[in-house]
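Asker: Following this message is one structure expressed as structure tokens.
The values are calculated or read from the model by the stated rules, or taken from the named source; none is laboratory data. This is a predicted model, so every value here is computed, not measured. Here the Cβ is made from the backbone with ideal geometry for all residues, glycine too, and neighbour counts use every protein chain on show. The accessibility values were calculated without ligands, DNA or RNA, using every heavy atom of the protein model including side chains. Shrake-Rupley method; radii C 1.70, N 1.55, O 1.52, S 1.80 Å.
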Amino acid sequence: MLTLAELIPRMKKQGYGHIINVSSMASKQGVPTMGVYAASKAALNILSESAAKEVREDNIKISVLAPGSVDTPFAGRKLDPKKGRLEAADVAEAVVHLASQPHNAWTSFSEMRTLVTRK
């Protein structure tokens, strides 16, 4: 919220901009023991969508990327080794893709999952 409040006036002044918020697939489905995290990411999704509708005519894009499990140390959480995980580089590449879209188009919400199970 604070970041949007800081960036949007600057982007309006320059006449364009693109904000990419990284959410989580947890925002779309409940996750045991992670209710607060999932709720905060769901709030980010709605905040981003609302703000995007407000600033679209100001030539400002707001995108949300919601990756699934990413292979990073996250609060000591152990991930099931049988399930696939994204690499941090996969998420970074998706952010670059969102940022490099044509001037007259944008992806508002993108879900990202692993294609295959890594061993």
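Asker: Lys pairs in the chain, Cα-Cα under 30 Å, at least 8 apart or on separate chains: how many?
Answerer: 23
Asker: While we're here: In degrees from 0 to 90, rounded to the nearest 10, what is the angle of the helix 2-14 Cα long axis to the longest principal axis of the chain?
Answerer: Roughly 40 degrees, rounded to the nearest 10.
Asker: Which listed residue (His103, Val22, Thr114) has the Cα farthest towards the positive end of the charge dipole for the chain, taking +1 on Lys and Arg C-beta and -1 on Asp and Glu C-beta about the Cα centre?
Answerer: Toward the positive end, the furthest listed residue is Thr114.
Asker: Just want to confirm a number: the relative contact order over the range 16-68, from Cα pairs under 8 angstrom separated by 6+ residues, in percent.
Answerer: Working: 73 pairs, mean separation 29.4, N = 53.
The normalised contact order for the range 16-68 reaches 55 percent.
Asker: Leaving out ligands, DNA and RNA, what percent of the accessible area of the range 2-72 is carbon and sulfur, probe 1.4 Å?
Answerer: Values: 2250 of 4140 Å².
Here carbon and sulfur together make up 54 percent of the probe-accessible area.
Asker: Is there a quick way to get the dipole size of the chain? I mean about its Cα centre, with the Cβ of Lys and Arg at +1 and of Asp and Glu at -1; what is the value in debye to the nearest 20? Don't skip to the end; give the middle numbers.
Answerer: Numbers: 16 positive and 11 negative charges, 73 e Å.
The calculated dipole for the chain is roughly 360 debye.
Asker: Could you report the chain's accessible area per residue, 1.4 Å probe, as an integer in Å²?
Answerer: Working: 8110 Å² over 119 residues.
On a per-residue basis, 68 Å².
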